[in-house]
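Could you have a look at this structure, given as C-alpha cells, before my questions?
No value in this document is a laboratory result; all are computed from the given coordinates. These numbers were taken from a predicted model, which means no experiment stands behind them. Here the Cβ positions follow ideal geometry from the backbone for every residue, glycine too, while neighbour counts run over all protein chains shown.
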Amino acid sequence: MSEGYYILLVKTAVQSIFRAKLRSFLTALGIMIGVMSVVLLMAFGLGIKNYISDQFQELGSNILYVVVGKIDGNLAAGSRALASNFRFKLRDVASLRRLPEAEVVVPIYLQPRVKIQSGKNSFYGDLVLSDDGLYKAYNYQNFVGKFFDESDLRGREKVAYLGWNTAAELFDSPAEAVGKTVVVEGVRLRVIGVAKEKGGGSASDFDNNVVAPYTAFPQLDPENNFYFIYLRAVSETQLNSLKNRVIAVLSRNYDADDFSVIEPTEMLNAVLNIFSFVNIGLVGIGAISLVVGGVGVMNVMYMAVTERIKEIGIRRAIGAKKNDILLQFLVESIILSLFGAVIGLVLAYIVVLLIKPYFAAEIDLTIVGTAFGVSTAIGIFFGSAPARRAANLEPVSAIRYE
Amino acid sequence: MIKVSSISKIYTTDNIKFYALKDISLTIEKGEYVAVLGASGSGKSTLMHIMGLLDKPSIGAVYFEKNLTTKLSDNQLSEIRNKKIGFVFQQFNLINRLTVYENVALPYFYSGRKDSKIKQRILNLLEDLQIKEKENKYPNQLSGGQQQRVAIARALIMEPDYIFADEPTGNLDSKTGKEIISILESLNKKGKTLIVVTHDKSLADRAKRKIVLQDGRLLS
C-alpha cells in the first residue's frame with residue numbers, strides 16, 4: 001500500500017473523532033479515567049519501590065546482619081527477637097573478625113527510646129554503642145565534627161556522635177552541637193560530631209541516634225550484650241560463603257534459635273515481592289475502569305458503522321476489500337482510545353508533579369509505554385467487533401442504504 | 001465482455017418470493033454503448049449491480065471477461081471493481097469527509113499500487129473535467145454538476161474498461177445533464193464500454209443499443 005493510503009486512513013479517523021467532539025470526548029473519558037488511575041497506581045508503586053530500594057542501597061551490598069533470635073523470613077518476628085534474652089559477646093565479634101571472607105565486623109548495642117538531655121532540652125532517641133567501624137558500616141557522613149576513632153574506644157572516652165534530628169532538637173542548630181555536653185543514662189558525653197541528615201534506617205532511625213563507643217558505658221555491659229553484628233564481605237561472590245561460615249562459627253557456642261543471619265537483599269526482595277503483589281492487585285482493580293471505557297468505545301464504533309453504512313458501500317464499490325474497511329474502523333477505534341490515553345497520561349503526570357514533594361511517585365517510560373500499549377489493545381479488542389460488522393456488509397445493501 | 005446467463009434475482013419476505021430479475025441473458029461486448037431502459041422497479045439497477053459485480057444473482061451465471069464470477073473470491077471481485085469498472089451514480093456518492101482530490105484518489109489507494117505520477121494524473125483528470133480549481137474543496141461545497149464530474153474522475157482514475165452510470169443525470173438540471181452525458185459519451189468514443197441505466201427514453205435513444213426491462217424481464 002502506498003504511503004498516502006495510511007495517511008488518509010489516519011486523517012479520516014482523526015476527522016471522525018473531531019467531527020463529533022462531544023461524543024468522542026465522552027467516549028474517551030472512560031479510557032482517560034482508566035489510564036489515569038492505572039498510571040497513578042503504577043507511579044505510586046514505582047516511587048515506593050524505588051524509595052524502599054534506595055533505603056536498602058544506603059546500607060550497601062555484600063552485607064550481612066547477625067541478629068538475636070530466629071527471624072525465619074518473618075519480618076514481624078524481628079521485634080519478638082529483640083525481646084529475646086540472648087545477646088552477642090565481644091568474643092563472638094573477635095571470632096568473626098578472624099574469618100577471611102569478612103572485611104568489616106561491627107558489633108552494635110541498641111537501647112531504643114532513651115532520654116538524651118542537654119541543659120533544659122531533652123529528646124527521646126536511640127542509644128547506639130559500637131566501635132569506630134560503625135561510621136563506614138552505616139554510611140555516615142559528617143555534617144560537622146567527626147566520628148569517634150579507635151583511640152577513643154581504647155581510651156574509654158565519653159564522646160558522642162549525634163544524628164541530625166537529635167542535634168536539631170537539643171541545640172539551636174546542629175552546627176552548634178560540637179563541644180557541647182549531652183547526658184544519656186546518667187553518663188555525660190562530649191559531642192564530637194553530627195551526621196548529615198539521612199532519613200530512615202534498618203536497625204534504628206539514624207537521624208534520631210546518639211552513638212558512643214561501647215567502652216563509654218561499662219555499666220550497661222555492652223561487651224556482653226550486643227544486639228546485632230554487622231558484617232561486610234570482601235566481595236559479593238564471597239557473601240554466601242561468609243554467611244555459611246558465620247553460622248558455623250556461632251553454632252559452636254549457640255543454638256540455631258538463638259540467632260539469625262540475614263542478607264538485606266533477601267529482606268528487600270521479600271518486601272518488594274509483597275509490595276508488587278499488592279500493587280498489581282490495585283492496578284488490576286484500576287484496570288476495570290479501562291474495560292468500562294473499552295465498552296464505551298465499542299458502543300460508539302457500532303454507532304459510527306451504522307451512520308456510515310452508505311459510505312462503506314461506496315468504498316466497496318470502488319474497490320475497497322473487506323480488510324480495508326476493517327482496518328479503517330480499527331484505526332479509528334485505536335486513535336479514539338489513544339486520544340483518551342494521552343489526556344489520562346497528562347492528567348496523571350500533573351498529579352504526580354503536584355504530590356511528588358510529599359509522596360513517592362514516579363512515571364517512567366515503561367509506565368508510559370504500558371499506558372499506550374494497553375490503550376491500543378483496548379482499541380483493537382473493543383473495536384474489532386464493530387469493524388468486522390462494517391467489513392462484512394454486502395456492498396449492494398450498503399450502497400442502497402438510506 | 002460481460003455476459004449474464006439465465007440470471008434471476010429473488011428476494012424472499014415472509015416466504016413470499018419476489019423476482020427483481022427473471023431469467024435474463026445478455027452479452028455486452030467491449031466498447032459498446034448500451035442503455036438499460038425501464039420504469040422504476042423494473043430491475044435495471046439490480047441488473048447493473050450484478051453486471052458490475054456489486055451483487056450476485058440468485059440463479060444463473062455471470063461472466064466477466066470470460067471468468068465465471070461465482071468462482072471468484074470477495075477480494076478478487078473487489079480487485080476487478082477497482083481496476084476494470086468505474087461507477088457513476090445518480091446521487092454522486094462522493095465521500096463528504098474527503099476532499100475532491102482524495103475522493104478521486106481513493107480507488108488508487110485501494111489498488112495497492114505505487115505510482116509516482118499519480119498526483120499529476122489526478123490533476124490532469126480534474127483539469128480535463130474542468131474542476132481542477134476545486135481540488136481542495138469538499139463535495140458539499142460543489143454544485144451537482146461539479147460533484148458528478150468528480151464522480152466521473154473517480155470512476156476513471158484507474159483507467160477502467162467499463163463505465164456503469166446509474167441515472168447519471170437524475171439529480172441534475174437539463175443543461176448540466178447534457179454536459180455530463182456528453183462527457184460519458186466521449187469516454188465511449190475513446191474505447192470504454194459505457195452502460196447507462198435510465199428511465200429516460202430520450203437518454204436511452206442516444207445509445208447504440210437498448211436493453212429494455214419490464215417487471216424484471218427482458219423485453220428487448
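Cα convex hull of segment A:221-264: mean projected area in nm², to one decimal?
Projected area, direction-averaged: 3.7 nm².
Of the beta bridges DSSP finds with both residues in the protein assembly as shown, what % are antiparallel, to the nearest 5?
Taking every DSSP beta bridge with both residues in the protein assembly as shown, the antiparallel ones total about 65 percent.
Here's another thing I want to ask about it. Quantify how strongly other chains surround peptide B:148-155 by giving the mean number of their Cβ atoms within 10 Å of each of its Cβ atoms.
1
Obtain the radius of gyration and the Kirkwood radius of segment A:170-311 from its C-alpha atoms and give Rg over Rh.
Computed over Cα atoms, the ratio is 1.31.
Dipole size in debye (nearest 20) for segment B:125-218 around its Cα centre, Lys and Arg Cβ +1, Asp and Glu Cβ -1?
260
What is the average number of partner chain Cβ atoms found within 10 Å of a Cβ in A:319-326?
The mean count of partner-chain Cβ atoms within 10 Å per residue comes to 6.
Here's something else I'd like to know. Using 0.36 nm per residue of separation minus the Cα-Cα distance, give me the extension gain between A:Thr370 and A:Ala270 in nm, one decimal.
33.5 nm
A follow-up question, please. Tell me, how many Å apart are the Cα centres for segment B:1-61 and for segment B:180-220?
Each part's Cα centre sits 15 Å from the other's.
Something else now. Any of A:Lys321/B:Lys30; A:Lys321/B:Lys117; B:Lys84/B:Lys134; A:Lys11/B:Lys137 with alpha carbons more than 18 Å apart? Name them for me.
A:Lys321/B:Lys30; A:Lys321/B:Lys117; B:Lys84/B:Lys134
Once you average over the residues of B:107-120, how many Cβ atoms of partner chains fall within 10 Å of each Cβ?
Whole-number average of other-chain Cβ neighbours for B:107-120 is 4.
Quick check on packing: order A:388-397, B:47-56 by the mean number of other C-beta atoms within 10 Å, highest mean leading.
B:47-56, A:388-397
Using every alpha carbon pair in segment B:1-112, what percent of pairs falls into each 10 Å bin from 0 up to the bin containing the largest distance?
12, 39, 34, 15, 1
Using 0.36 nm per residue of separation minus the Cα-Cα distance, give me the extension gain between A:Leu282 and A:Leu22 in nm, one decimal.
The A:Leu282-A:Leu22 span can extend by a further 90.5 nm.
With N residues in chain B, what two-decimal value do you get for its Cα radius of gyration over 2.2 N^0.38 Å?
1.02
Quick one: divide the alpha-carbon radius of gyration of segment A:87-253 by 2.2 N^0.38 Å and tell me what you get.
Rg over 2.2 N^0.38 Å, computed on Cα atoms: 1.05.
I've got another one for you. Averaging the inverse of every distinct alpha carbon separation and then flipping it gives the Kirkwood radius. What is it for the protein assembly as shown, in angstrom units?
Kirkwood hydrodynamic radius for the protein assembly as shown: 31.7 Å.
Short version: ³J(HN,Hα) in whole Hz for each residue of segment A:91-97, in order, from phi by Karplus 6.51 cos²θ - 1.76 cosθ + 1.60 (θ = phi - 60°), x for Gly and Pro, what are they?
5, 5, 4, 4, 5, 6, 5
Counting DSSP beta bridges in segment A:87-253, what percent are antiparallel, to the nearest 5?
Bridges in segment A:87-253 that DSSP calls antiparallel: roughly 75 percent.
Return a whole-number percent for the relative contact order of chain B, with Cα pairs under 8 Å and 6 or more residues apart as the contact set.
That works out to 32 percent.
Contour minus end-to-end for A:Tyr401 and A:Leu220, with contour as 0.36 nm per residue of separation and end-to-end as the Cα-Cα distance?
55.6 nm
Also: In degrees, nearest 10, range 0 to 90: what is the angle between the Cα axis of helix B:144-156 and the longest Cα principal axis of chain B?
80
May I ask you to derive the relative contact order of chain A, considering only C-alpha pairs under 8 Å and at least 6 residues apart, and to give it as an integer percent?
So the answer I get is 28 percent.
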